[in-house]
Amino acid sequence: MNSVSTNKLDKLPDIEGLKRLLQSLAVLDLIMCPEWDNRYYSFDAHWGEGESMGSMRNGCGDSFTVLFNASGCFFKGFAHESTLSSLHKGKLEGWKIALSKVPAEFSSALSEPAFDMNNISFCFWRLYAQTEWSFATLKTTETDDPDGSSFLLGCLNGEPKAYQDFAEDYYETDIPLSAIRFVYHHMPLTQAIIEQLNPEVELDEIYDDLLDIGYPLEKLQS
């Protein structure tokens, strides 16, 4: 299975592919766990004017937050126990210098409370005009996931099997790969598909949440 980290950003989808993937993960988590407080993945398609935001929080202090705007995508991650975590002495000052590399198009994220830039261990970005992802980092001699990006980005390689492995471990239940693929492709969401993932969830109960995530409404059917 392809792994994603700041050293392997070529394994990450492009901007639109990443947006669709984060929406898919948010939909899957919504179905698996309608209670927002216990979900890993979330997505707000209407976070700001011309902006959307994806996020992950694992309940153990680790998270990532992703901004999509007209210019591209900015991604900030925080693995609190990693070597490059801003919680370590001197690291926050280093990150303030490193973040000067972030393009002006994403400057709003650097001062946005939701991104909490005082808690960071890695970040990367991509403008629509660019053909690859760029990232900022701090110097380190450690080579084994020093920023925690490999640890946090496991589901972002675009492979449905990655979410299946995560969900079966986290939610402690078996879920069919075919249903995950269905959502990854943004196919018409039916009650039958929902029941394959979680038989206790009704489509009309999560309809408003699907609106917030931005799952294509013209493809929703009861």
Checklist entry - Restricting attention to the stretch 105-186, which trypsin sites (Lys or Arg not before Pro) occupy a DSSP loop and are surrounded by at most 15 other Cβ atoms within 10 Å? => result Lys139
Checklist entry - What angle do you read, to the nearest 10 degrees and between 0 and 90, between the alpha-carbon axis of helix 203-213 and the longest principal axis of the chain? => result 30 degrees
Checklist entry - Rolling a 1.4 angstrom probe over the protein heavy atoms, how many square angstrom per residue are accessible across the chain? => result 49 Å²
Item to check | Rg [Å, one decimal], Dmax [Å, integer] - the stretch 134-201, C-alpha atoms | outcome: 16.4, 51
Next on the checklist: Amide H of Gly72 versus every other amide H placed in the peptide plane: which residues, excluding those fewer than 5 positions away on the same chain, fall under 5 Å?
Outcome noted: Tyr128
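Starting from the coordinates of the alpha-carbon atoms of the stretch 62-177, obtain the Kirkwood hydrodynamic radius over all distinct pairs and give the value in Å to one decimal.
After inverting the mean inverse Cα-Cα distance, the result is 15.4 Å.
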Checklist outcome for this item: With a 1.4 angstrom probe the carbon and sulfur portion of accessible area for the chain, in percent, totals 48 percent
Checklist entry - So, with +1 on the Cβ of K and R and -1 on the Cβ of D and E, and no other charges, what is the size of the charge dipole of the chain about its Cα centre, to the nearest 20 debye? => result 1100 debye
Item to check | Hits among aspartates and glutamates - C-alpha to C-alpha of Lys8 under 14 Å, sequence gap 8 or more where chains match | outcome: Glu132, Asp144, Asp145, Asp147
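Restricting attention to the stretch 128-169, which chymotrypsin sites (Phe, Trp or Tyr not before Pro) occupy a DSSP loop and are surrounded by at most 16 other Cβ atoms within 10 Å?
Tyr128
Where in the stretch 1-98 are there GluC sites (Glu not before Pro) that are in a DSSP coil and have at most 16 other Cβ atoms within 10 angstrom of their Cβ?
Counting only loop positions with at most 16 other Cβ atoms within 10 Å, the GluC sites (Glu not before Pro) in the stretch 1-98 are Glu35, Glu49, Glu81.
The values are calculated or read from the model by the stated rules, or taken from the named source; none is laboratory data. What you see is a predicted model; the values in this text were computed from it and never measured. We place every Cβ from the backbone using ideal geometry, glycine too, and count neighbours over all the protein chains shown. Please note that ligands, DNA and RNA were not included when accessible areas were found on the heavy atoms of the full protein model with its side chains. Shrake-Rupley method; radii C 1.70, N 1.55, O 1.52, S 1.80 Å.
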